[in-house]
Structure formats: C-alpha cells, structure tokens
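The values are calculated or read from the model by the stated rules, or taken from the named source; none is laboratory data. Given the structure is predicted, the values throughout are model-derived calculations rather than measurements. With ideal geometry, Cβ positions are generated from the backbone for all residues, glycine too; neighbour counts draw on all protein chains shown. We work out accessible area using only protein heavy atoms, side chains counted, and drop any ligands, DNA or RNA first. Shrake-Rupley method; radii C 1.70, N 1.55, O 1.52, S 1.80 Å.
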Amino acid sequence: MTASRLLAGIGDVGRDRGRGGYSRHAFDPVEGELRTWFAEQAGRRGLDVETDRNGNLWAWWGAPGPDAVVTGSHLDSVPGGGAFDGPLGVVSALSAVEALRDKGFQPGKPLAVVVFAEEEGGRFGVPCLGSRLLTGSLDADRARALRDPDGVTLAEAAKRAGHDPERFGADQEALARIGKFVELHVEQGRGLIDLGSPVAVGSTVIEHGRWRFSFTGQGNHAGATLLGDRRDPMVPAAAAVAAARWVAAGVDDARATVGRLVPTPGGTNVIASTVDLWLDARVPGGDTRGLVDEIAGAARRAAEEEGCALTVTEESYSDTVRFDPALRDELDAVLGGVPALPTGAGHDAAILAGQVPAGMLYVRNPTGISHAPEEFAEESDVDEGARALSDVLARLAG
Ligand code: GLV
Ligand code: MN
Ligand code: MN
C-alpha cells in the first residue's frame, strides 16, 4: 500500500474541530487509537510489535538487534497540527517495508520501524520525550512529574494508558540494538521548494530550547483597581513577547516564539494573579541561552516596573546536531545527489544522534507551512520519499 493511502487511513483520527488540523497527544485516547492502528498495520506486514520501557513502539522484521537498521518517526502532533509531521515518517516506513517484502528482499540485518512517544511535547511540554527517556537525556523522575495543562502528571497519564511509568528511564538494551537510524520527515519550511527537489538528506538541526516565564502579581478587579494600584503580570508578559521579537531580530537567523500564554485565573474582568508563557528560542550556530538571557532581562525590568516577580525555567534544551557524516555519505550514494538540508525543527533522530549514527530524509512541503493545518505534501512526493526510504533501507540492511 502506498504511504499516501496509509496516511489517508488515519485521516479521521484526532481531528480537532475547534482548532482545525489534528490534536494527537501522548497517552490520550486518540494516540491510543493510533498505537492500535500501527500495531495492526505492522502485523499485516509481518512485523513483531513491542512497546519499550518508555512507551515507544517497535515493529521488528527479524529478531531485535544488535546492529539493526531502524526507521520511523512519531504519531503525536502539536495542538491543531498538520497531517504529515510525524505520521509521514511512520507510513513511509511501513510502505517501504512492504515494498521490500514484495520484492523478495531478505534483510541481512534486523530492521525495525519505531514510533517515538510525545515528540512534540504537545501535552507534557518536553519535546522528544520518548527518545530523550530512552537515551537517558531526560531524567525519569523529572519526566514522571511533568504535568499537562489539566494538571495530570505524565506518570498518571502513562498508567491510565496501560504503561508502567516506574520503568521509564535510560534503556541501554533498546539503544544497543540500533545500528543506524534514519527518520523520514515532512519538510517544515521552504527549503525544498526553493531547491526544487522532492527529497533531501538532513545535514544539521539548529540549537533550540523551551523556557517557561512565570510572572506573579496581584489578582484584582478590572473596574475597581486604578492603574497606579495594579500589579498586573500581563503587562510584563506582553513586554516579554515584544522583547522576544526585537531581541531575536537583532541576531542573524535567530527565531524566538511565544506560542502559548496562560493567565490565571483568566477572566475578562479580572486582573490576572499569574501569567505563564513559554518561549521557544532557536539560534543557528549561535548562543540560544544568551538570546534567552537578553529576553529575560527585558522581561525582568518590565516585571519590576509593575511590582511583579518573574521566574524563568529552562524546560528543554538541544544543542546543535550534525548528522553522522558516514551515514549521510551512504544516503547520498543511494539517492544520487539529492540536496543536503539544515533544519530549524527538532527531531527524535537528532536526540538519537548523540548515541548512534542517525540521519534524516525530508520530503518537500509545497506550502512551506508546518505545525498548522496547511502543512502538506503532494502524493507524488510522498511516493518518491517512500521509494527513497526503501532504497536506503535495502542498502543499509542488505
Ligand atoms: C518539532 O517539530 C519542533 O518543535 O522542533
Ligand atoms: Mn513538529
Ligand atoms: Mn516531527
């Protein structure tokens, strides 16, 4: 079955009627439905499915590891996200395996398709949760205590979904099975439009992270409290949003985004008592923490002026990643000179890259839009990507 047809098979799962697009979050019932779908599709292709200690799904062709060739991506989304970010890598992997089987290919090494849990951090805030736990780059106690917007801890959510959060943590056994990892992903910017190519090989992922800014003031009445008597945390929060833009604008290619801001209690006629906002900052080859310090400095000055307090917490951080040069050469050799593409988006492949040879393939997105319903890939490009992945798997596992 083509990757496009497989993708169409989950087209109704997790649609978000309010926001548009899809909302598929870790350990929620929608994600559970996708996990069941994956296990069934993998089973139909003769793969043996298992769930690791951290809630990542693995589908094996041959006995698990060592020196396995692993491909895959994720099935969760950002709130109101597109159909391709994550699922494209999963359906392309399943379709590539099917094509190899149909050709009578016999892998000389174990081959696996993996689905990583909570890549977007859309529910619990930390991106690439499953791969970070697996590699030990996220402490299991910290992970278990993460809370979703409703206050449910990751441990509680995982338990409700049938996982054992006490087993979360670095999984050397699972990691040791991976010989090479290749993730196929929809392109998330204009890179491949500008290059005029349907497929690219990943070169680098820029340094990035997430910071929580918590402003505390005094909740009060919107009509009865004179401006001079207020300690309104929304005022320095607004200054932080503006500072994110002007500070980033002064640094080459830097990106700073506030996509989420939560006032408490959140009433139209209520001066908030606290405001939390999340800053996503990314600086190619630069100093992301320095950029955040500067934004935080501006926010702190605005907070003091308003009589408010500010605490800044780093919730996640990822250093610059350069994908394995030898694996990139292998991908180049198979695909015959497709372009190399750097990206501003984070990926599980970039987390794994610290521990195993990892690489990426990107498929053109003609809208140049991602993390939004307009994210897209043409069927012909999707097919081309799946074919490229199948050729790569044949070479690496042959
Ligand atoms: C994942 O798409 C990210 O936010 O980088
Ligand atoms: Mn994403
Ligand atoms: Mn993704």
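Between helix 325-335 and the chain, what is the angle of the helix's C-alpha long axis to the longest principal axis, kept within 0 to 90° and rounded to the nearest 10?
Helix 325-335 sits at roughly 60 degrees to that axis.
Within the set of other residues whose C-beta is less than 10 Å from the C-beta of G217, count the net charge using Lys and Arg as +1 and Asp and Glu as -1. Intermediate results must be reported in sequence, preceding the final value.
Values: positive: R230, R231; negative: D232, E306.
Result for the neighbourhood of G217: 0.
For segment 227-270 and segment 77-120, write down the distance between their C-alpha centroids in whole Å.
39
Keeping all protein chains in place, calculate the accessible area per residue for segment 141-199 (probe 1.4 angstrom), answer in Å².
Numbers: 2830 Å² over 59 residues.
Result: 48 Å² of accessible area for each residue.
When ranked by the protection proxy of mean other Cβ atoms within 10 Å per residue, highest first, what sequence do the peptides 239-252, 111-124 form?
111-124, 239-252
Kindly list the residues of segment 300-322 that lie in the label zone of D293, defined by a backbone N under 19 Å from the point 7 Å along the Cα-to-C-beta vector.
Those under the cut-off are 300-302, 310-320.
Provide Rg and Dmax in Å for the chain, with only Cα atoms included in the calculation.
Considering the chain through its Cα atoms, Rg and Dmax are 21.9, 77 Å.
Calculate the dipole size of segment 208-318 relative to its Cα centre from +1 charges on Lys and Arg beta carbons and -1 charges on Asp and Glu beta carbons; express the result in debye to the nearest 20.
Working: 11 positive and 14 negative charges, 42 e Å.
With Lys and Arg at +1 and Asp and Glu at -1, about 200 debye.
Tell me the per residue accessible area of segment 208-318 using a 1.4 Å probe; a whole number in Å² is fine. Write down the numbers at each step before the final one.
Numbers: 5670 Å² over 111 residues.
Roughly 51 Å² per residue, with all protein chains present.
Packing-wise, with mean Cβ within 10 Å as the measure, how do 220-233, 323-336 rank, highest first?
On the way: 220-233: 13.4, 323-336: 16.4.
Top to bottom by mean Cβ count within 10 Å: 323-336, 220-233.
Please report, in debye to the nearest 20, how large the charge dipole of the chain is about its Cα centre when each Lys and Arg carries +1 at its beta carbon and each Asp and Glu carries -1 there. Display every interim value, and only then the final one.
Numbers: 39 positive and 58 negative charges, 65 e Å.
Using Cβ point charges on Lys, Arg, Asp and Glu, the chain gives about 320 debye.
So how tilted is helix 288-305 from the main axis of the chain? Cα-based, degrees 0 to 90, rounded to 10.
Approximately 20 degrees, to the nearest ten.
Can you give the local net charge around S23? Use residues other than it whose beta-carbon is closer than 11 angstrom to its beta-carbon, Lys and Arg +1, Asp and Glu -1. Walk me through the intermediate numbers first.
On the way: positive: R15, R17, R19, R24, R123; negative: D16, D28, E31, D76, E120.
Residues near S23 contribute 0 overall.
Using only Cα atoms, find the angle between the long axis of helix 379-397 and the longest principal axis of the chain, and express it within 0 to 90 degrees, rounded to the nearest 10.
Taking the Cα atoms of the chain, the angle to 379-397 is about 60 degrees.
Round to a whole number: what % of the accessible area of segment 1-124 belongs to carbon and sulfur, probe 1.4 Å?
Working: 2070 of 4200 Å².
Roughly 49 percent of what the probe reaches on segment 1-124 is carbon or sulfur.
How large a share of the accessible area of segment 293-398, in percent, is made up of carbon and sulfur atoms when the probe is 1.4 Å and the other protein chains stay in place? Mind showing how you got there, number by number?
Working: 2060 of 4560 Å².
Carbon and sulfur together cover 45 percent of it.
Any idea which of G202, P366, W278 is furthest toward the positive side of the dipole for the chain, if Lys and Arg beta-carbons carry +1 and Asp and Glu beta-carbons -1?
Positive-most Cα among the choices belongs to W278.
Note down, for segment 208-318, the three equivalent ellipsoid semi-axes (square root of 5 times each alpha carbon gyration tensor eigenvalue), biggest first, whole angstrom. Walk me through the numbers before you get to the answer.
Working: eigenvalues 155, 32, 22 Å².
Values for segment 208-318, descending: 28, 13, 10 Å.
Checking the a/c ratio against 1.5 first, then a/b against b/c, what shape does the Cα gyration tensor give for segment 346-398?
Values: a/c = 4.28, a/b = 1.31, b/c = 3.26.
It is oblate, given that a/c is not under 1.5 and a/b is not larger than b/c.
Give the distance, in whole Å, between the Cα centre of segment 272-289 and the Cα centre of segment 320-398.
First find each Cα centre; the distance between them is then 27 Å.
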